[in-house]
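Read-outs throughout are calculated quantities, based only on the coordinates presented, and are distinct from any laboratory measurement. In this text the structure is predicted, and so the values were computed from the model without any measurement. Note: ideal-geometry Cβ built from the backbone for every residue, glycine included; neighbour counts use all protein chains shown.
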Amino acid sequence: MTATALAGRRAHTVVDSPLGPITLLATNSRLTGLYLSERRHPPAPEVFGTEQSQAPDAAPFAAAAAQLGEYFAGRLTSFDLPVTMMGTAFQRLVWSALPDIPYGSTVSYRELAALIGRPSAARAVGLANGRNPVSIIVPCHRVIGSDGSLTGYGGGLERKRYLLDLERRVASGGGPATAPATG
């Protein structure tokens, strides 16, 4: 994400979650970022725009915060938010396939590469997945290693485990998972 690619009115707010603070970014009232604290690939500071701490109910923050709350409570299995994702054509191709991974399920990087028609691009899929600017909402946490191991989550493997456990518990009729310790 670059500042020139995100021309327009930018703003951000921070909401609480079981995973710790989540920074939501918006450009022209469309969500452009969701970042957990201690993220591997945070955006450049100039991308954040003005802080909306005085008006976190402004669009799209109120809807995003409400839907995230419902998701973490185990009552929402897919998001319906205005999202704009800036990235390369290949990154957008990978990101566009992520919402098709069913809630409570996982696929490997290799399987995701095959799903997008690039069966030999598992490593590139992993790199693109790691640059997902709207994690959780665009569920990059549902992609795992070919051997079933949890690998490569920008928000940390404990958070990835929490998200997958939450979804599996809810999908199987259980309740939300216990929140992981955050740093």
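Taking the Cβ-Cβ separation of T77 and E158 as r and a Förster radius of 22 Å, what is the calculated FRET efficiency to the nearest 0.05?
With R0 = 22 Å, the Cβ-Cβ based efficiency is 0.50.
Out of residues 5 or more away from G155 or on other chains, whose amide H comes under 5 Å of its own, with H placed 1.01 Å from N in the peptide plane?
Close amide H contacts, sequence-distant or interchain: R40.
Just subtract the alpha-carbon distance of D16 and A44 from 0.36 nm times their residue separation and send over the number in nm, one decimal.
Value of the extension gain: 7.9 nm.
First select every other residue whose beta carbon is under 11 angstrom from the beta carbon of G104; then total the charges, Lys and Arg +1, Asp and Glu -1.
Neighbourhood net charge equals +1.
Count charges around C140 for me, please; just the other residues with Cβ under 11 Å from its Cβ, Lys/Arg as +1, Asp/Glu as -1.
Residues near C140 contribute +3 overall.
I want to check the label-to-label distance for A59 and T151. Put each point 7 Å from Cα in the C-beta direction and report it in nm to one decimal.
My value for the distance between the label points is 4.2 nm.
Roughly how many nanometres apart are two label points built 7 Å out from the Cα toward the Cβ at R168 and R9?
Inter-label distance under the simple model: 4.4 nm.
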